[in-house]
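Everything on this sheet refers to the single structure shown next.
The values are calculated or read from the model by the stated rules, or taken from the named source; none is laboratory data. Just so it is clear, the structure is predicted and the values come from calculations on it, not from any experiment. Please note: Cβ atoms are built from the backbone with ideal geometry, for glycine as well, and neighbour counts cover all protein chains shown. We work out accessible area using only protein heavy atoms, side chains counted, and drop any ligands, DNA or RNA first. Shrake-Rupley method; radii C 1.70, N 1.55, O 1.52, S 1.80 Å.
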Amino acid sequence: SNKNVITGKWPIQLVRGQSVELSLSTQQRGEYNSEALLCGKYTSPLPSSQRRKEDCQNDNFVLVGATHEYDVSKALSKEEVINDLRSRSYDVFPWIWDEGTVHNITEGWRVQSNRGLFGRVPIVGRLPSTSSLGQESEERNGTMLNHKDAWIFTGLSSRGLIHHGVYGGILADAILNRCEENMVSENDGIQWWRKALEKE
């Protein structure tokens, strides 16, 4: 097979994530103590720089997230989002839900890699070329893929906090050395995603 040709489908999927912003009284915020927690779902103080301008007068906001929605055609309703996140985080911080007031629902998207031999591992490495696939394919894939020195780091989904430092360092070394060989030889399975893109 030719590892420099993209013909297959990227081994990724888009996953919608919705989070809940809750407002707390000053007394409640004192109990919360401005701590963040990651335990499957996350709970974090929401600084004013991350909030809408009209909400910045109140410093007592907490963000709880996020849903994992695989049906990209239909988002969960506000009630479904609240129920899902409450059920998954209530045992950790029950009083946030008991005493807080839902203020806003935010929404975003994750790029999640498909599960492989090593679980869900990010897509890391030099982008293959599309130059031999013809004009139609080049237009579909974008001109960036025709650049001889384009690199990619995606598919972290909700594991960015865990994976970004490790794989970011590996990728930085490969880019600085302008060579993938050491990256591949020292990190078994890091090029797993190429198999879906290789020409049969």
* Stretched out fully, how many nm does the piece from residue 74 to residue 90 gain, at 0.36 nm a residue minus the Cα gap? -> 3.2 nm
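Of all the accessible heavy-atom surface of the stretch 79-128, with the other protein chains kept in place and a 1.4 Å probe, what percent is carbon and sulfur? If you can, show how the numbers build up before the last one.
Numbers: 1220 of 2660 Å².
The C+S portion of the solvent-accessible surface of the stretch 79-128 is 46 percent.
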* Just add up the charged neighbours of residue 69: K/R +1, D/E -1, any other residue whose Cβ is under 11 Å from the Cβ of residue 69. => -1
